[in-house]
Amino acid sequence: MADASTGRELLRAEHIAKNYGQVTALTDINLRIDRGEVLGLLGDNGAGKSTLMKIFTGFVKPSSGQLHFDGKPVELSSVSHARSLGIEAVYQDLALINELNVYRNMFLQREPVKGRFLGILDDKKMRAAAIEQLDRMGVRIPSVDVPVAKLSGGQRQGIAVARSVYQKARLLLLDEPTAAMGAKESALILDVIQRLKDEGEMGIIIIAHNYAQIFDVCDRVNLVEGGRIVFDKKTSETSVEELTDMVVREYREARRSVQAG
Ligand SMILES: Nc1ncnc2c1ncn2[C@@H]1O[C@H](COP(=O)(O)OP(=O)(O)O)[C@@H](O)[C@H]1O
Ligand SMILES: [Mg+2]
(Lines give C-alpha, C1' and ligand atoms only; values in the text may rest on other atoms or scores of the structure.)
(Ligands and ions follow the chains in the order given, each with its own letter.)
Protein backbone atom coordinates (compact mmCIF):
# COMPACT_ATOMS: atom_id res chain seq x y z
CA MET A 1 0.00 0.00 0.00
CA ALA A 2 1.42 3.32 1.08
CA ASP A 3 5.05 3.56 0.18
CA ALA A 4 6.35 6.73 1.75
CA SER A 5 9.71 5.00 2.13
CA THR A 6 10.59 5.50 -1.52
CA GLY A 7 10.23 9.24 -1.03
CA ARG A 8 8.15 9.47 -4.18
CA GLU A 9 4.83 9.80 -2.43
CA LEU A 10 3.41 13.30 -2.66
CA LEU A 11 -0.14 13.09 -1.39
CA ARG A 12 -2.08 10.28 0.22
CA ALA A 13 -5.71 10.32 1.26
CA GLU A 14 -6.85 7.75 3.80
CA HIS A 15 -10.49 6.97 4.47
CA ILE A 16 -11.66 10.44 3.50
CA ALA A 17 -15.39 10.99 3.96
CA LYS A 18 -17.43 14.12 3.45
CA ASN A 19 -21.07 14.85 4.22
CA TYR A 20 -22.85 18.04 3.32
CA GLY A 21 -25.66 17.77 5.85
CA GLN A 22 -27.70 14.79 4.69
CA VAL A 23 -25.79 14.41 1.44
CA THR A 24 -22.88 12.01 1.50
CA ALA A 25 -20.46 13.26 -1.15
CA LEU A 26 -17.58 10.95 -0.23
CA THR A 27 -17.78 7.70 1.72
CA ASP A 28 -14.27 6.30 1.98
CA ILE A 29 -11.64 7.66 -0.38
CA ASN A 30 -8.20 6.09 -0.46
CA LEU A 31 -5.95 7.67 -3.02
CA ARG A 32 -2.28 8.22 -3.60
CA ILE A 33 -0.24 10.27 -6.01
CA ASP A 34 3.53 10.28 -6.44
CA ARG A 35 5.90 12.99 -7.61
CA GLY A 36 6.03 13.20 -11.37
CA GLU A 37 2.80 11.29 -11.71
CA VAL A 38 -0.30 12.30 -13.63
CA LEU A 39 -3.45 10.81 -12.16
CA GLY A 40 -6.75 10.92 -14.00
CA LEU A 41 -9.73 11.12 -11.66
CA LEU A 42 -12.84 9.90 -13.41
CA GLY A 43 -16.43 9.54 -12.32
CA ASP A 44 -20.01 10.41 -13.08
CA ASN A 45 -21.49 13.84 -12.36
CA GLY A 46 -22.05 14.14 -8.63
CA ALA A 47 -19.56 11.37 -7.84
CA GLY A 48 -17.67 13.71 -5.53
CA LYS A 49 -14.63 14.54 -7.64
CA SER A 50 -14.78 18.29 -7.10
CA THR A 51 -15.40 17.79 -3.40
CA LEU A 52 -12.24 15.71 -3.20
CA MET A 53 -10.27 18.42 -5.02
CA LYS A 54 -11.61 21.03 -2.62
CA ILE A 55 -10.47 18.88 0.29
CA PHE A 56 -6.99 18.71 -1.25
CA THR A 57 -6.87 22.50 -1.63
CA GLY A 58 -7.93 23.12 1.96
CA PHE A 59 -11.16 24.76 0.83
CA VAL A 60 -13.40 22.03 2.26
CA LYS A 61 -12.72 20.10 5.46
CA PRO A 62 -13.28 16.37 5.34
CA SER A 63 -15.82 14.95 7.80
CA SER A 64 -13.31 12.24 8.62
CA GLY A 65 -10.15 10.67 7.30
CA GLN A 66 -6.53 11.70 7.04
CA LEU A 67 -4.35 13.37 4.43
CA HIS A 68 -0.61 12.90 4.21
CA PHE A 69 1.65 15.25 2.28
CA ASP A 70 5.30 14.39 1.76
CA GLY A 71 4.74 11.34 3.93
CA LYS A 72 3.57 13.37 6.90
CA PRO A 73 0.03 13.65 8.25
CA VAL A 74 -1.41 17.06 7.51
CA GLU A 75 -4.56 18.94 8.35
CA LEU A 76 -5.19 21.61 5.75
CA SER A 77 -6.62 24.57 7.60
CA SER A 78 -7.14 26.83 4.58
CA VAL A 79 -6.44 27.35 0.89
CA SER A 80 -3.41 29.45 1.73
CA HIS A 81 -2.10 26.71 4.01
CA ALA A 82 -2.40 24.21 1.15
CA ARG A 83 -0.74 26.71 -1.19
CA SER A 84 2.15 27.17 1.19
CA LEU A 85 2.76 23.43 0.82
CA GLY A 86 2.65 23.74 -2.97
CA ILE A 87 -0.88 22.49 -3.58
CA GLU A 88 -2.47 24.58 -6.32
CA ALA A 89 -5.74 24.21 -8.17
CA VAL A 90 -6.79 25.57 -11.52
CA TYR A 91 -10.55 25.88 -11.75
CA GLN A 92 -12.80 26.31 -14.71
CA ASP A 93 -13.47 29.96 -13.88
CA LEU A 94 -9.70 30.42 -13.79
CA ALA A 95 -9.60 33.46 -11.54
CA LEU A 96 -7.92 35.53 -14.21
CA ILE A 97 -8.79 39.20 -14.47
CA ASN A 98 -10.03 39.84 -17.98
CA GLU A 99 -8.97 43.47 -18.24
CA LEU A 100 -5.42 42.85 -17.09
CA ASN A 101 -2.72 41.82 -19.48
CA VAL A 102 -1.12 38.41 -19.51
CA TYR A 103 1.95 39.11 -17.43
CA ARG A 104 0.00 41.03 -14.80
CA ASN A 105 -2.28 38.04 -14.48
CA MET A 106 0.72 35.78 -14.09
CA PHE A 107 1.69 37.73 -11.00
CA LEU A 108 -1.73 37.98 -9.40
CA GLN A 109 -2.61 36.40 -6.09
CA ARG A 110 0.83 36.42 -4.63
CA GLU A 111 1.07 36.30 -0.91
CA PRO A 112 1.14 40.07 -0.40
CA VAL A 113 2.78 39.83 3.03
CA LYS A 114 5.88 38.36 1.50
CA GLY A 115 5.94 41.03 -1.17
CA ARG A 116 8.29 38.79 -3.06
CA PHE A 117 7.15 39.63 -6.54
CA LEU A 118 4.95 42.70 -6.37
CA GLY A 119 7.40 44.39 -4.07
CA ILE A 120 10.61 43.63 -5.85
CA LEU A 121 9.94 42.75 -9.45
CA ASP A 122 9.28 45.61 -11.80
CA ASP A 123 7.12 45.47 -14.92
CA LYS A 124 10.04 44.67 -17.14
CA LYS A 125 11.06 41.72 -15.04
CA MET A 126 7.52 40.44 -14.67
CA ARG A 127 7.10 40.65 -18.39
CA ALA A 128 10.31 38.80 -19.09
CA ALA A 129 9.54 36.14 -16.48
CA ALA A 130 6.06 35.63 -17.91
CA ILE A 131 7.41 35.24 -21.43
CA GLU A 132 10.01 32.74 -20.28
CA GLN A 133 7.58 30.67 -18.23
CA LEU A 134 4.92 30.55 -20.94
CA ASP A 135 7.50 29.67 -23.53
CA ARG A 136 9.00 26.91 -21.41
CA MET A 137 5.54 25.42 -20.96
CA GLY A 138 4.63 25.72 -24.61
CA VAL A 139 1.77 28.15 -24.05
CA ARG A 140 1.67 30.12 -27.26
CA ILE A 141 0.02 33.53 -27.15
CA PRO A 142 0.35 36.50 -29.49
CA SER A 143 1.75 38.78 -26.77
CA VAL A 144 1.96 39.05 -22.98
CA ASP A 145 0.80 42.66 -23.29
CA VAL A 146 -2.77 41.92 -24.39
CA PRO A 147 -5.65 41.70 -21.91
CA VAL A 148 -6.46 38.04 -21.26
CA ALA A 149 -10.03 38.74 -22.43
CA LYS A 150 -8.62 38.73 -25.96
CA LEU A 151 -7.31 35.18 -25.66
CA SER A 152 -8.96 31.82 -26.22
CA GLY A 153 -10.12 29.51 -23.45
CA GLY A 154 -7.17 27.21 -23.97
CA GLN A 155 -4.67 30.04 -23.85
CA ARG A 156 -6.26 31.36 -20.67
CA GLN A 157 -6.15 27.93 -19.11
CA GLY A 158 -2.49 27.72 -20.10
CA ILE A 159 -1.78 31.03 -18.38
CA ALA A 160 -3.57 29.88 -15.23
CA VAL A 161 -1.52 26.67 -15.18
CA ALA A 162 1.70 28.58 -15.87
CA ARG A 163 0.92 30.84 -12.97
CA SER A 164 0.49 27.89 -10.62
CA VAL A 165 3.71 26.38 -11.85
CA TYR A 166 5.52 29.66 -11.43
CA GLN A 167 4.23 29.75 -7.86
CA LYS A 168 6.13 26.53 -7.31
CA ALA A 169 3.20 24.16 -7.36
CA ARG A 170 4.18 20.65 -6.37
CA LEU A 171 0.73 19.19 -6.68
CA LEU A 172 -1.41 20.66 -9.42
CA LEU A 173 -5.13 19.98 -9.42
CA LEU A 174 -7.07 20.48 -12.63
CA ASP A 175 -10.85 20.19 -12.38
CA GLU A 176 -12.23 19.43 -15.83
CA PRO A 177 -9.65 21.56 -17.66
CA THR A 178 -10.95 20.72 -21.11
CA ALA A 179 -14.67 20.67 -20.29
CA ALA A 180 -15.65 23.82 -22.14
CA MET A 181 -13.11 23.50 -24.92
CA GLY A 182 -12.95 22.35 -28.46
CA ALA A 183 -10.48 19.80 -29.75
CA LYS A 184 -7.73 22.26 -30.61
CA GLU A 185 -7.98 24.06 -27.29
CA SER A 186 -7.97 20.78 -25.41
CA ALA A 187 -4.90 19.65 -27.32
CA LEU A 188 -3.13 22.81 -26.25
CA ILE A 189 -3.84 22.24 -22.59
CA LEU A 190 -2.94 18.54 -22.78
CA ASP A 191 0.34 19.54 -24.37
CA VAL A 192 1.06 21.84 -21.44
CA ILE A 193 0.30 18.99 -19.02
CA GLN A 194 2.56 16.66 -20.99
CA ARG A 195 5.45 19.12 -20.73
CA LEU A 196 5.02 19.46 -16.98
CA LYS A 197 4.93 15.69 -16.72
CA ASP A 198 8.14 15.42 -18.72
CA GLU A 199 9.87 17.64 -16.18
CA GLY A 200 9.09 14.84 -13.77
CA GLU A 201 8.69 16.38 -10.33
CA MET A 202 5.18 17.71 -10.11
CA GLY A 203 2.17 15.56 -9.25
CA ILE A 204 -0.86 16.37 -11.35
CA ILE A 205 -4.45 15.27 -10.79
CA ILE A 206 -6.79 15.84 -13.71
CA ILE A 207 -10.50 15.45 -13.24
CA ALA A 208 -12.14 14.60 -16.49
CA HIS A 209 -15.44 13.51 -17.82
CA ASN A 210 -13.94 12.82 -21.21
CA TYR A 211 -11.48 10.15 -20.15
CA ALA A 212 -10.61 9.20 -23.71
CA GLN A 213 -9.20 12.67 -24.17
CA ILE A 214 -6.91 12.61 -21.14
CA PHE A 215 -6.04 8.92 -21.21
CA ASP A 216 -2.71 9.31 -23.02
CA VAL A 217 -1.34 11.96 -20.71
CA CYS A 218 -2.18 9.98 -17.54
CA ASP A 219 0.08 7.48 -15.81
CA ARG A 220 -2.78 6.10 -13.77
CA VAL A 221 -6.55 6.42 -13.59
CA ASN A 222 -8.90 6.21 -10.63
CA LEU A 223 -12.65 5.93 -10.89
CA VAL A 224 -14.86 7.43 -8.19
CA GLU A 225 -18.19 5.73 -7.63
CA GLY A 226 -20.44 5.73 -4.60
CA GLY A 227 -17.98 7.97 -2.79
CA ARG A 228 -15.13 5.47 -3.15
CA ILE A 229 -12.28 4.80 -5.52
CA VAL A 230 -13.54 1.64 -7.17
CA PHE A 231 -10.84 1.34 -9.81
CA ASP A 232 -7.14 2.13 -9.72
CA LYS A 233 -4.92 1.09 -12.60
CA LYS A 234 -1.91 2.26 -14.49
CA THR A 235 -2.89 3.39 -17.97
CA SER A 236 -0.37 0.85 -19.28
CA GLU A 237 -2.50 -1.88 -17.67
CA THR A 238 -5.90 -0.69 -18.81
CA SER A 239 -7.47 0.87 -21.89
CA VAL A 240 -10.08 3.36 -22.96
CA GLU A 241 -12.24 0.33 -23.83
CA GLU A 242 -12.04 -1.07 -20.30
CA LEU A 243 -13.00 2.31 -18.86
CA THR A 244 -15.89 2.60 -21.30
CA ASP A 245 -17.16 -0.83 -20.21
CA MET A 246 -17.11 0.32 -16.60
CA VAL A 247 -18.93 3.54 -17.35
CA VAL A 248 -21.54 1.65 -19.38
CA ARG A 249 -22.01 -0.82 -16.52
CA GLU A 250 -22.46 2.08 -14.07
CA TYR A 251 -24.98 3.65 -16.43
CA ARG A 252 -26.94 0.41 -16.74
CA GLU A 253 -27.06 -0.03 -12.99
CA ALA A 254 -28.30 3.54 -12.55
CA ARG A 255 -30.97 2.89 -15.17
CA ARG A 256 -32.10 -0.30 -13.52
CA SER A 257 -32.42 1.42 -10.15
CA VAL A 258 -34.44 4.24 -11.73
CA GLN A 259 -36.73 1.72 -13.41
CA ALA A 260 -37.13 -0.21 -10.18
CA GLY A 261 -38.26 3.09 -8.65
N1 LIG B 1 -21.51 22.82 -1.04
C2 LIG B 1 -22.30 21.75 -1.16
N3 LIG B 1 -23.40 21.62 -0.40
C4 LIG B 1 -24.19 20.54 -0.47
N5 LIG B 1 -23.99 19.52 -1.31
C6 LIG B 1 -22.92 19.58 -2.11
C7 LIG B 1 -22.02 20.69 -2.08
N8 LIG B 1 -21.03 20.47 -2.99
C9 LIG B 1 -21.31 19.28 -3.55
N10 LIG B 1 -22.43 18.74 -3.03
C11 LIG B 1 -23.01 17.44 -3.38
O12 LIG B 1 -22.01 16.46 -3.20
C13 LIG B 1 -22.05 15.51 -4.26
C14 LIG B 1 -20.74 15.50 -5.01
O15 LIG B 1 -20.59 16.71 -5.73
P16 LIG B 1 -19.28 17.08 -6.53
O17 LIG B 1 -18.12 16.90 -5.62
O18 LIG B 1 -19.47 18.42 -7.12
O19 LIG B 1 -19.25 15.95 -7.65
P20 LIG B 1 -18.53 15.91 -9.09
O21 LIG B 1 -17.48 16.97 -9.12
O22 LIG B 1 -17.98 14.53 -9.19
O23 LIG B 1 -19.60 16.13 -10.13
C24 LIG B 1 -23.25 15.87 -5.11
O25 LIG B 1 -24.36 15.13 -4.65
C26 LIG B 1 -23.42 17.35 -4.83
O27 LIG B 1 -24.74 17.74 -5.03
MG1 LIG C 1 -17.12 18.52 -10.47
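The values are calculated or read from the model by the stated rules, or taken from the named source; none is laboratory data. What you see is a predicted model; the values in this text were computed from it and never measured. As a convention, Cβ positions derive from the backbone with ideal geometry for all residues, glycine included, and neighbour counts pool all protein chains shown. Remember, those area values only see protein heavy atoms, side chains included, never the ligands or the DNA or RNA. Shrake-Rupley method; radii C 1.70, N 1.55, O 1.52, S 1.80 Å.
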Give the ranking of Lys49, Lys184 by solvent-accessible surface, highest area first, calculated with a 1.4 Å probe. Lys184, Lys49
Over the chain, average the accessible area per residue using a 1.4 Å probe and give it in Å², no decimals. 49
Would you check the chain for Lys pairs whose C-alpha atoms are within less than 16 Å, ignoring same-chain pairs closer than 8 in sequence, and give me the count? 7
Ranked highest first by average number of other Cβ atoms within 10 Å, how do 225-232, 243-250 line up? 225-232, 243-250
Kindly give Rg over Rh for region 4-259, based on alpha-carbon atoms, with the Kirkwood expression for the hydrodynamic radius. 0.98
At a 1.4 Å probe radius, carbon and sulfur cover how many percent of the accessible area of the chain? 51
Scoring the chain by relative contact order with C-alpha pairs under 8 Å, at least six apart, yields a percentage of 26
